[in-house]
Structure formats: structure tokens, C-alpha cells
């Protein structure tokens, strides 16, 4: 049941150096590909990094003020979620609603990634503290593309305990 997978999912900051089988990565990305998005725009793409390229990328984006996240370098795989140039319809919808739906869509796809990784017995971590300009440069992105988030994936080398959450009553209100 999905609730059991969600309960198992933890932010992992210590990874084993073992490679992640390509088939598992493909399954994870397939789950992200199936994520719903506003108007089915799928305003993102995924760049999966491993090996020497991942190491060069991590050295570049986790230096200086971003060095507190340098532990991510030890993850065998880093997935960059790249926000694509918005279509005219997306721009209009965002302007009218005062909301950037592509960021919501990226969040949904990212959550599909970490849940799929958990189901496959892998650890994952959302990473938002990195040098975006360097990330865009190293990945040679187009001018209207931008790395929004990184997700580290690998075999877990830690098993964090469940964190205390607010009660159901504290976060939910029913009205009818």
C-alpha cells in the first residue's frame, strides 16, 4: 500500500558507493514521467548523472556557500529536474492565477521519484541548496531552461528514525 511506502521514505544523507542499476533508474524516471501536470504540459526534463560526470557536476555546484551540501557528492546518482521554457498558454495561466504551475508539476514529479526510489529499496534526498548558475552551465542548458531541484539517489548507508509530525487534527480541517 502507498501509505506504507510513504511512511518508509526518509531523507538520506549517507549513501553507499555502490552503483545503482540502470534498470532501477529507468523505473524511477518512468514513474516521474507518468506524474500528472497542469494541462499535461510536463514542463520539465530529467538529467541523470553518475560516474565522472556526476563528480565534476557535484564539485562545481557544491562549492563555496553551497559546501554544506557537499555530502551529496557521495551519492552514486544525482537527478536534476530541469524546468523548461513555459508555453504561451502556461504563461497566461500563471499570470492570471498568480502561480507558477510548473513548480507544482516539478514537485509532483520529484515526489514520484523519491517514492519510486523508496519502493525499490533505495535512499533519496531532495537538494535545493546548490549553485544553479553552475548547474545550468555544466549541463549546458538552453538559456530558457533552469535546474530547479536535485535529487540524490543511492543505496542507504543510514536508517534515520521517523521524525515527529504534526497531528492529523493540527493540519486538517473539515467543513461542509
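Values in this text are rule-based calculations from the coordinates and carry no lab data. Predicted model only: the values in this text are computed from it and were never measured. For neighbour counting, all protein chains shown are included, and Cβ atoms are generated from backbone atoms with ideal geometry for every residue, glycine included.
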Q. How much of the calculated P(r) for segment 55-160 lies past 21 Å, in percent of all Cα pairs?
A. 43 percent
Q. Ranking 82, 88 by Cβ neighbours within 10 Å, fewest first, what do you get?
A. 88, 82
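Looking at the calculated P(r) for segment 116-176, what percent of the C-alpha pair distances fall above 14 Å? List each step's numbers first, then the result.
Working: 1328 of 1830 pairs.
Roughly 73 percent, rounded to a whole number.
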Q: Using a 10 angstrom cutoff on alpha carbons, build the Gaussian network for the chain and name the most mobile of 136, 55, 94.
A: 94
Q: Take segment 24-87, drop everything but the C-alpha atoms, weight them equally and run the Debye formula without solvent; then report log10 I(q)/I(0) at 0.23 Å⁻¹ to two decimals.
A: -0.98
Q: Calculate how many DSSP beta bridges within the chain are antiparallel, expressed in % of all such bridges and rounded to the nearest 5.
A: 95 percent
Q) What Kirkwood hydrodynamic radius do you get for segment 1-118 when you take the inverse of the mean 1/r over all pairs of distinct Cα atoms, in Å? A) 16.0 Å
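Please give the calculated 222 nm ellipticity per residue for the chain, where each DSSP H segment of at least 4 residues contributes -39500 (n - 2.57) and the sum is spread over every residue; nearest 500 deg cm²/dmol? Intermediate values should be presented prior to the final figure.
Values: 7 runs with 70 residues, N = 176.
It lands at -11500 deg cm²/dmol.
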Q. GNM on the chain, C-alpha springs below 10 Å: top fluctuator among 142, 166, 156?
A. 166
Q) Across every pair of different alpha-carbon atoms, what Kirkwood hydrodynamic radius in Å does segment 6-61 reach? A) 14.1 Å
